[in-house]
1. Looking only at segment 2-28, how many residues end up being modelled with pLDDT of 80 or more and among the aromatic types (Phe, Trp, Tyr)?
2. Of the residues in segment 95-113, how many are surrounded by 11 or more Cβ atoms within 10 Å (Cβ to Cβ) and over 18 Å from residue 133 (Cα atoms)?
3. How do the pairs read when you match residues in segment 131-160 that are at positive phi and modelled with pLDDT under 90 with residues anywhere that are surrounded by fewer than 17 Cβ atoms within 10 Å (Cβ to Cβ) and not β-branched (Val, Ile, Thr), using Cβ under 6 Å and keeping only pairs 6 or more apart or on different chains?
4. Among the residues of segment 134-154, is there at least one that is touching a Lys or Arg at 6+ places or on another chain (Cβ under 7 Å), in a helix (DSSP H, G or I) and either under 17 Å from residue 90 (Cα atoms) or not assigned by TED's automatic domain parsing to the domain that holds residue 170 (or both)?
5. With the requirement that a residue be exposed (fewer than 14 other Cβ atoms within 10 Å of the Cβ) and among the small types (Gly, Ala, Ser), what does segment 141-187 give you?
Amino acid sequence: MKTIDEIIRSNRDFFEDAEPSEGHFERFSMKLSARFGTGTVKKSIVPYLLKAAVVTLLVTLSSLWTWDNFIRPDRNRMALGDVSPQYREVENYYIHQVNLMESELGNLSLPNDPLHTEMLKHEMESMDSVYIQLQKDLKANPQDERIINAMIEHYQTKVEVMNYILNQLKEIRNENLNTMEDEKVSI
């Protein structure tokens with residue numbers, strides 16, 4: 001069986017000399033206009049490009065506005081680490097301690113006691129809101145030692161409270177384990 005290329009090459013003279021039959025182009029035009037609509041209207045691509053550029057610009061500007069107003073940390077606050085390198089070390093130490101205790105709290109929290117878990121979460125958020133206010137005060141008065149000391153005391157208090165809660169949860173868990181072991185032994 002011959003391929004189309006072989007057929008065209010072997011009949012090259014026929015394809016080069018022959019003209020389409022009379023009225024071919026008119027029939028072809030009528031078939032095209034019947035298939036794709038009456039007449040061909042050339043549309044410019046420029047309006048579509050302008051619309052795409054406007055949409056891209058609006059999306060970019062709205063993203064920047066959202067970042068500036070909602071996602072980026074509050075510009076009205078100042079961290080302890082912004083005051084001096086020594087305070088940055090103190091702040092990093094306490095942040096590390098708080099993070100460790102939060103992970104321990106997550107492991108020790110009682111799954112069958114959602115009320116106390118919710119209360120604990122609310123208290124931690126309350127303590128964090130106090131710290132945010134201290135950060136705003138520090139931004140207004142960066143060299144005020146009273147604010148700096150209050151921020152350090154806040155971290156110390158938060159670590160002490162979390163440590164107390166952790167100890168209480170460990171005692172409750174140990175009591176529960178002892179009670180379950182006593183029940184198993186009596187059975």
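1. Matching residues across segment 2-28 total 2.
2. 11
3. So the pair list comes out empty.
4. yes
5. Step one: filter segment 141-187 for residues exposed (fewer than 14 other Cβ atoms within 10 Å of the Cβ), giving 141-146, 149, 153, 156-157, 160, 163-164, 167-168, 170-171, 173-187.
Within segment 141-187, 186 is the sole residue that qualifies.
Residues checked against (1) over 20 Å from residue 97 (Cα atoms); (2) more than 34 Å from the chain's Cα centre (by Cα):
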site: 114; (1), (2): yes, no
site: 119; (1), (2): yes, no
site: 166; (1), (2): no, no
site: 183; (1), (2): yes, yes
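The values are calculated or read from the model by the stated rules, or taken from the named source; none is laboratory data. Quick caveat: nothing in here was measured; it's all calculated off a predicted structure. Neighbour counts are summed over all protein chains in view; Cβ atoms, including those assigned to glycine, are modelled from backbone coordinates with ideal geometry.
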